[in-house]
Amino acid sequence: METPFLENAQAPDGTLAEIASLLRGKSVRGQNAKRLDYVEAEVGEVNAAGEFVDPWGTPYQMRFEKGMPRVFSCGPNRQDENGTGDDITVR
């Protein structure tokens, strides 16, 4: 399966909701022009703003470090601690 980064030669750009839309097969400002669907979302995994949310209802955070995306949950305290504290991140 292709990833948005490999398919488009760059990481997706935009708000959390715009990136979620791109990953779900929409084209935003010319990104994902082929409208490829990379992620399926179940009910409760996307909030009313269109952002992917963690089990506590908080939007997943995205950071780009050295051109690569890092995605993490704010964890049970719902505070963005930049991937530290009780934030849940995979490295």
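The table below lists the values:
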read-out	value
Criterion: in a loop (DSSP other than H, G, I, E, B) and touching a helix residue (DSSP H, G or I) at 6+ places or on another chain (Cβ under 6 Å) - qualifying residue of Ala41, Ala11	Ala11
Only one of Leu36, Leu16 that is touching a residue at least 24 places away in the same chain (Cβ under 8 Å), more than 22 Å from Val90 (Cα to Cα) and hydrophobic (A, V, I, L, M, F, W, C)	Leu36
Segment 78-91 residues that are surrounded by 11 or more Cβ atoms within 10 Å (Cβ to Cβ), paired with ones that are among the β-branched types (Val, Ile, Thr) (beta carbon under 7 Å, 6 or more apart)	Arg78/Thr58; Gly83/Thr89
Filtered residues of segment 67-86 (kept if of a type in the set (S, T, N, Q) and under 13 Å from the mean Cα position of the chain (by Cα))	Ser73
Residues of segment 48-66 that turn out to be surrounded by fewer than 12 Cβ atoms within 10 Å (Cβ to Cβ), within 15 Å of the chain's Cα centre (by Cα) and on the phi > 0 side of the Ramachandran plot, as a count	1
Segment 55-66 residues that are over 14 Å from Asp86 (Cα atoms), paired with ones that are surrounded by 17 or more Cβ atoms within 10 Å (Cβ to Cβ) (beta carbon under 6 Å, 6 or more apart)	Pro59/Leu16; Pro59/Glu51; Pro59/Val53
Thr3 at pLDDT below 95 and exposed (fewer than 14 other Cβ atoms within 10 Å of the Cβ)	yes
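The values are calculated or read from the model by the stated rules, or taken from the named source; none is laboratory data. The structure presented is a predicted model; accordingly, all values stated were derived computationally and were not measured. So basically every Cβ, Gly included, is an ideal-geometry build from the backbone, and we count neighbours across all protein chains shown.
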